Amino acid sequence: MTSVGDKRVRINICILTYRRPDLLGNCLQSLTGLREIDGVELLVTVIENDTEQLSRALVEQFDTQGRFGIHYRCEPQRGIPVARNNALEFCLAEACDYVVFIDDDEWVDADWLSELYGYCQQQGGDIVVSGKVIPIFPENTPPEISGLIKAKERPTGTDLTACATNNVILPIRLARELGLRFDISVPLAGGTDTKFFFAAHQLGVQIKKCDEAVVFERIPESRARIKWMQGRKYRAGITETWRRRQQGQGVVKILTSALFSIISNLIKTLVFTCVGRKLKRNQAWLRVHKALGACAGLRGKEVESYKVTD
């Protein structure tokens, strides 16, 4: 999709936030450094998922330096998927052509949006494009911890069956014509973005990777710990089981592969502990927890990942 005549393409960058005004401020500031894109009208919408509205003043007083229009919305019902749906409804009401999601603890590269949107246009303008997220750890984080979260090496053009909302652009038709919304049945659970985009893919929407569209994610000390990462992998296992079931895989196959992973990675954990390979030990240990999550997913278990936000 390109601009026609005086009509400019409307792109709305939507940022969900919950009691993190300092991080949000850093995110917004980075957006003022974006390179302008010909034929594009840029909007930024902050959806605060908290009745206390701690970030309202920050957003309403933020100096955009004339680079974009900025809007503030409050979603009082707790839950990331609820707030994401709020964003979609606002984008529909504002006649936006594209929705972009990033997280409030991220900041962007100057070429980020031009790369994300540009690649979408190269592919016809009707696909979902997922960018690259580079984690930034606190100083002095040991390598056996920082090595556990890395930007996935997926070259531009890689086909995906789903993606996250931490760096993504999607055409508004997913919400308007296809009627897609984020699942709010368990509003504090994780994985609802994966389910949303998987549903889009099942309806024929292409999802591709763009390695050049870069954002940076702050990893706080509270997350730079093996215990937090265990929970993250456990939740990922639950979501992975859901996806495999949607693809038609049977319970026996999923359970068998999960049990094999648990046993083999427990052995690897012991071996790597004995030989002092800390990173390899931790990687194997996290795979154990992902497999445990896969087993839990077979029982229909959900985890309220966002009950507490750090």
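Numbers at a glance
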item: Residue check, Arg56 among the basic types (Lys, Arg) and in contact (Cβ under 8 Å) with a residue 40 or more places away in the chain; result: no
item: Segments classed as helices (runs of 4 or more DSSP H), wholly inside segment 172-264, with at least 1 members that are hydroxyl-bearing (Ser, Thr, Tyr) and touching a residue at least 60 places away in the same chain (Cβ under 8 Å); result: 192-202, 226-246
item: Output for segment 131-186, where each listed residue is over 13 Å from the mean Cα position of the chain (by Cα) and closer than 17 Å to Leu113 by Cα; result: Thr156, Gly157, Pro171, Ile172
item: Single residue of Arg67, Arg56 found to be closer than 23 Å to Arg218 by Cβ and at pLDDT below 95; result: Arg67
item: Residue within segment 44-51 that is of a type outside the set (Asp, Glu), closer than 21 Å to Pro187 by Cα, assigned by TED's automatic domain parsing to the domain that holds Ala110 and surrounded by fewer than 19 Cβ atoms within 10 Å (Cβ to Cβ) present; result: yes
item: Residue identified as in contact with a strand residue (DSSP E or B) (Cβ under 6 Å, 6 or more places away or on another chain) and free of Cβ contacts under 8 Å to residues at least 60 places away in the same chain among Thr32, Thr51, Thr64; result: Thr64
item: Selection from segment 269-294 of residues that are basic (Lys, Arg) and either over 20 Å from Gly231 (Cα atoms) or in contact with a His (Cβ under 6 Å, 6 or more places away or on another chain) (or both); result: Arg277
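Per-residue answers, yes or no, for (1) crowded, with 21+ Cβ neighbours inside 10 Å; (2) of a type in the set (A, V, I, L, M); (3) out of contact with any Leu (no Cβ under 8 Å at 6 or more places or on another chain); (4) more than 19 Å from Phe198 (Cα to Cα):
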site	(1), (2), (3), (4)
Gln65	no, no, yes, yes
Arg78	no, no, no, yes
Pro81	yes, no, yes, no
Asn86	yes, no, yes, yes
Cys91	yes, no, yes, yes
Asp105	yes, no, no, yes
Trp112	yes, no, no, yes
Glu153	no, no, yes, yes
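The rows are residues; the columns are (1) modelled with pLDDT under 90; (2) exposed (fewer than 15 other Cβ atoms within 10 Å of the Cβ).
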position	(1), (2)
Gln230	no, no
Gln246	yes, yes
Ser257	no, yes
Asn265	no, no
Leu270	no, yes
Cys274	no, yes
Trp285	no, no
Cys295	no, no
Glu302	yes, no
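The values are calculated or read from the model by the stated rules, or taken from the named source; none is laboratory data. Note that the structure is predicted; figures quoted are calculated from it, not measured. For neighbour counting, all protein chains shown are included, and Cβ atoms are generated from backbone atoms with ideal geometry for every residue, glycine included.
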